[in-house]
Amino acid sequence: MSIIRIPQSWEIPEREATSEAVFLNRRRLLKSAIGAALSPSILAIAGCDSSQTPPAATSYPTYPGLVRNSAFARVDRPITDESLSSRYNNFYEFGTGKSIWSAAQALPTENWKVEVSGLVNRPQTYDLDDLQKKFAIEERVYRFRCVEAWSMVVPWVGFPMKLLVKDVEPRSNAKFVRFTSFYDEKIRLGPKWLVFTKVPWPYTESLRLDEMTNDLAFFAIGIYGHALPKQHGAPIRAVIPWKYGFKGAKSIVKIEFLDRQPPTFWNTIDAHEYDFEANVNPNKPHPRWSQATEKFMGKGPNLNWEKRSTLLYNGYAEYVASLYQT
Ligand code: MTE
């Protein structure tokens with residue numbers, strides 16, 4: 001079991017204490033600063049903040065009659081306890097640590113709209129009611145693998161992306177889709193060093209259209225049987241279980257169909273470290289660490305990392321391997 005060191009509130013990381021001028025003159029620091037934020041060693045330091053508790057699961061709306069899709073009901077490991085996954089998140093708009101759940105409560109989710117535009121015959125603006133009326137909502141248990149080499153198992157609530165694709169009727173020249181996350185400079189609470197470096201806000205991610213129409217690609221509006229908490233990307237996020245977690249944009253406000261591959265958030269910051277395809281692959285190391293194994297957030301309410309071998313395509317080869325055979 002890893003020893004987790006919880007940083008004290010007075011411990012300001014050096015990069016946050018450095019003056020603006022230093023950052024303005026040292027653009028190349030962005031890579032090492034972001035790299036440090038993502039590296040497993042810092043990850044261990046960030047840990048879970050067990051001294052505070054996110055809003056209780058009972059405070060979120062539920063989905064009466066929700067059915068777990070039996071094709072996606074079981075994986076080879078237990079479902080991660082919600083008390084852990086809801087306190088261990090990546091949402092850089094609200095900070096680089098893992099304990100952003102409290103800062104993320106500033107996300108304004110009322111009257112949410114998702115605009116679907118670009119190369120489609122039927123552009124749409126959906127609100128959450130539209131999405132739930134139009135698309136059959138189901139539960140799916142998926143493995144979740146972060147590029148940082150930690151993993152969980154999560155029961156998502158939502159609908160397959162391919163249903164939305166069908167609804168908007170992409171034109172024949174649509175080859176890619178781009179997801180854009182909510183962004184408001186005024187509520188972005190990320191650490192100050194991000195302000196002084198060229199970070200391509202808003203957070204965007206992208207898939208090929210044939211990836212988006214794969215059976216597994218999912219829009220989640222809930223988790224553990226209730227609506228998505230803000231730290232998980234309320235009210236709607238992308239879940240692409242055979243890819244590293246950074247492909248799953250949170251709090252989506254825009255979905256655009258495009259004829260070419262667009263720039264994306266992490267890939268723009270460092271394409272060498274965060275490739276566009278980002279398929280989970282034990283044989284392709286990250287430039288700074290191996291991807292052969294992962295730390296699985298195992299059973300029980302206490303953080304109890306289990307070391308596991310990474311599975312090719314995160315164990316979903318039977319669904320997706322054919323997408324990548326040239
Ligand atoms: N989406 C936005 N808008 N901002 C982010 O920082 N982080 C990504 C992804 N989606 C991120 C995001 C990364 S790196 C991961 S691993 C997952 O969200 C984490 O999802 P979780 O916190 O719900 O486990």
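For this structure, a couple of remarks:
- Loop-located GluC sites (Glu not before Pro) across segment 81-150 with a Cβ neighbour count of 12 or fewer within 10 Å are Glu110, with loop assigned by DSSP.
- Ser59/Ala106 FRET efficiency (R0 22 Å; Cβ-Cβ; nearest 0.05): 0.85
- For segment 55-324, a simple Cβ point-charge model (Lys and Arg +1, Asp and Glu -1, everything else neutral) yields a dipole of about 360 debye relative to the Cα centre.
- In whole percents, the pair-distance distribution calculated for segment 55-324 from its alpha-carbon pairs, binned every 10 Å from zero, is 7, 30, 39, 21, 2.
- Cut-off 10 Å between beta-carbons: net charge of the residues surrounding Lys113, Lys and Arg +1, Asp and Glu -1: -2
- Proximal aspartates and glutamates relative to Lys133, as straight alpha-carbon distance under 15 Å, when same-chain residues fewer than 8 apart are discounted: Asp167
- Contour minus Cα-Cα distance for Glu185 and Arg260 (0.36 nm per residue): 24.2 nm
- Cα Rg over Rh - segment 94-135, Kirkwood: 1.17
- Since only Leu323, Trp289, Asn304 are under comparison, the one whose Cα sits farthest along the positive direction of the charge dipole of segment 245-326, derived from C-beta charges on Lys, Arg, Asp and Glu, is Asn304.
- Rolling a 1.4 angstrom probe over segment 115-229 with all protein chains present gives an accessible area of which 52% lies on carbon and sulfur atoms.
- Trypsin sites (Lys or Arg not before Pro) restricted to DSSP loop in segment 280-326 with at most 15 other C-beta within 10 Å: Arg288, Lys299
The values are calculated or read from the model by the stated rules, or taken from the named source; none is laboratory data. Just so we're clear, the structure is a prediction, and the values are computed from it rather than from any experiment. So basically every Cβ, Gly included, is an ideal-geometry build from the backbone, and we count neighbours across all protein chains shown. Accessible surface areas use protein heavy atoms only, side chains included; no ligands, DNA or RNA. Shrake-Rupley method; radii C 1.70, N 1.55, O 1.52, S 1.80 Å.
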